[in-house]
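Below is one structure, written out as structure tokens, with a few remarks after it.
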Amino acid sequence: MSDDTKQNGGNAPPSRKQSMANSRKASVFEKPLDLDDVLVKELGQFGWFQLRNIALVAIPIIMSAFMSEFVFSAAAVPHRCRIPECGEDGKSHEYDPEWILNAVPETSSGFSSCQRYVPRGLGTNGTLDYCPADLFNNLETVECDGYVYSRDNSVVYEFDLGCQDWLRALAGTLNSIGTLLVLPITGYISDRFGRKWALIISVLNLGVIGLIRAFSVNYTMYMILQIVQTTLGAGTFSSAYIFAAELVGPKYRVITSATCSSMFAVGQVILGSVAWLIQPWRYMIMALHIPCLLIFIYYWILSESVRWLLSKKKFSEAKNVLETVARVNKTHISEKSLEALMNTSQPSVPAAEVSDVEKPGLIRNVVSSPTLLRRVCTTPIWWITTTFVYYGLSINSTGLSDTMHLNYILTCAIEIPGFYTAVLVLDRIGRKATLSIGFFFSAACNIVFVFIPNDLYVLRLIIFLLGKFGISVVMTSVYLFTSELYPTEFRHSLLAFSSMIGRIGSITAPLTPILMVYWHGIPSMLFGGMGIIAGLLVLTQPETLGTKMPDTLAEAEALGKKDSKFEQSS
């Protein structure tokens, strides 16, 4: 014991140097009060104000699903060659007259869509009621030079697309490309002008451009407006989701996320219902998008995001919103908390963070860490598979039978129990088990579906819906599991990278129905094969249930190691 300590009964006061060191240490490591703390301790994590917010943004989320109306407006329409030798001079004649096999080759599904027999050129013609086989050489076929369609409620009929299935499917691909292009646009508007403006502008673009598209004069105009609509309007979901999530406490964010996803599924059900009730594609598009124009009233009834107001130092507006939250939730926010949230002084930057500037960059860290490199190569495959199967099943559902609207509605509705099932099991059986089982279950259903005879319609539909249920569980789980595998310093960048690469799946999914021309089971086998691969890759990663989200690369590499104490709270 030192002399100073002895003189003070063994409890010597700390020296000035020690006091300054302790003060600096406290200033570095003391956690400043943030909005989450105020929500948990004072305002309430999920009160009436948050519930009202979610109810308000549920409407734009539902509207965001209307961008998928190409599933019906550009739906495949059964067609065949026009036979001018028998009096057909347009595309609206009877689709399957009694004499059709005299002029068109027979196939396993009925008769050919894109070929016809070569006319003999005898100088005599048949009529719409009588078209004899001797007018044609049934040993030789030729491509169609015109088409007759079974129905007229699609752009395929309107713009005479006939056998140009790849061109027809391009509408869905452009839709998905637009959802990728919109990310920086919405992000800029949201961060610069506010979450409320980003939401209102996105929905207005969605409605206005969609309405203009209903008056397309050719297919080129229809496709250009398709990609423009999603590029300028697809930010609706993300903008609305931010409103729902930013003011909800940490405990309720997972259930809020599942609820937002469920509202999108409800929007798809409404889309299918409207398309069923309003068959002409132009009127269907107008009925869907005209209500979007009413979004301007949200300027007066929706409060701006508190987090955005605080980040932009709009403290008076933030204070008004916080006091409104407290009043609606029948809680109280103290002046001390308000003052702490409004404090403009920035906390001292820890020395550890200052030294981060000198650390290697993201790419160097990824390349130098085999563990991180394996994850960066693995997680994008999960995302590609998830979006490919999820959107592919929705699009292919319309071809299950003649009741395409009902098939689509059921396929979208099954997503809702899938989303909430993920919420229930993620914290019970773990992220890894939930994700791998979801992939394997969906894959098994898709593969089994291929071998079920067409006449067993109910069984086919049940297996198809179970496959969509499985991938819906994955859709909710993949975001959480991916984010928990990466360290804080790189989490946002690597999560965004996985999500961006995952767009490959949604971009290619609209093209899958065309592959059925070669074999009816190709799309389902693709969904199943990719699901198996993704499910196996999930098993190569460590479980993250019960672990603290890693902050550093070392902590991320320690995930799943038995000798690691990382799971213990520090």
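The table below lists the values:
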read-out	value
Test: residue 201 is within 30 Å of residue 277 (Cα to Cα), surrounded by fewer than 21 Cβ atoms within 10 Å (Cβ to Cβ) and within 25 Å of the chain's Cα centre (by Cα)	no
Any hit, segment 216-239, residues being within 23 Å of residue 309 (Cα to Cα) and open to solvent by 10 Å² or more (accessible area, probe 1.4 Å)	yes
Test for residue 273: is it crowded, with 16+ Cβ neighbours inside 10 Å and touching a residue at least 60 places away in the same chain (Cβ under 8 Å)	no
Qualifying position, being within 22 Å of the chain's Cα centre (by Cα) and part of a helix (DSSP H, G or I), among 307, 253	253
Tally of residues being assigned to a helix (DSSP H, G or I) and either of a type in the set (Asp, Glu) or open to solvent by 10 Å² or more (accessible area, probe 1.4 Å) (or both) across segment 359-377	13
Filtered residue count, segment 48-97, keeping only those that are buried (at least 20 other Cβ atoms within 10 Å of the Cβ), of a type in the set (Gly, Ala, Ser) and touching a Lys or Arg at 6+ places or on another chain (Cβ under 9 Å)	3
Qualifying residue in segment 528-545 (condition: part of a helix (DSSP H, G or I), under 14 Å from residue 393 (Cβ atoms), in contact (Cβ under 8 Å) with a residue 24 or more places away in the chain and open to solvent by 30 Å² or more (accessible area, probe 1.4 Å))	yes
Of all residues in segment 429-439 being over 13 Å from residue 469 (Cβ atoms) and not polar (S, T, N, Q), the one that is nearest to the chain's Cα centre (by Cα)	435
Residue in segment 117-139 that is within 37 Å of the chain's Cα centre (by Cα), open to solvent by 20 Å² or more (accessible area, probe 1.4 Å) and under 28 Å from residue 518 (Cα atoms) present	no
Selection count where residues are in contact with a Pro (Cβ under 7 Å, 6 or more places away or on another chain) and either among the aromatic types (Phe, Trp, Tyr) or closer than 21 Å to residue 523 by Cα (or both), scope segment 498-507	2
Residue in segment 287-294 that is of a type in the set (Val, Ile, Thr) and either within 22 Å of the chain's Cα centre (by Cα) or open to solvent by less than 20 Å² (accessible area, probe 1.4 Å) (or both) present	no
The lone exception for residue 456 - which of (1) touching a residue at least 24 places away in the same chain (Cβ under 8 Å); (2) over 16 Å from residue 413 (Cβ atoms) it fails	(1)
Residue list for segment 157-173, restricted to those being of a type outside the set (Phe, Trp, Tyr) and either surrounded by fewer than 20 Cβ atoms within 10 Å (Cβ to Cβ) or out of contact with any strand residue (DSSP E or B) (no Cβ under 9 Å at 6 or more places or on another chain) (or both)	158, 160, 163, 164, 165, 167, 168, 169, 170, 171, 172, 173
Residue list for segment 495-514, filter: crowded, with 16+ Cβ neighbours inside 10 Å and free of Cβ contacts under 8 Å to residues at least 40 places away in the same chain	495
Given (1) buried (at least 21 other Cβ atoms within 10 Å of the Cβ); (2) over 22 Å from residue 254 (Cα atoms), index of the condition residue 455 fails	(1)
Residue in segment 402-444 that is farthest from residue 77 (Cα to Cα), counting only those that are open to solvent by 50 Å² or more (accessible area, probe 1.4 Å) and outside any helix (DSSP H, G or I)	403
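Residues are listed down the side, and each one gets a yes or a no for (1) in contact with a Gly (Cβ under 8 Å, 6 or more places away or on another chain); (2) at pLDDT below 90; (3) within 16 Å of residue 75 (Cα to Cα):
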site	(1), (2), (3)
113	no, yes, yes
117	no, no, no
136	no, yes, no
154	no, yes, yes
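This table checks each residue for (1) surrounded by 20 or more Cβ atoms within 10 Å (Cβ to Cβ); (2) among the hydroxyl-bearing types (Ser, Thr, Tyr).
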site: 187; (1), (2): no, no
site: 208; (1), (2): no, no
site: 251; (1), (2): no, no
site: 262; (1), (2): yes, yes
site: 278; (1), (2): no, no
site: 283; (1), (2): no, yes
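The values are calculated or read from the model by the stated rules, or taken from the named source; none is laboratory data. This one's a predicted model, so the numbers in the text were calculated from it and none came from an experiment. For neighbour counting, all protein chains shown are included, and Cβ atoms are generated from backbone atoms with ideal geometry for every residue, glycine included. The area values use the complete protein model at the heavy-atom level, side chains included, leaving out ligands, DNA and RNA. Shrake-Rupley method; radii C 1.70, N 1.55, O 1.52, S 1.80 Å.
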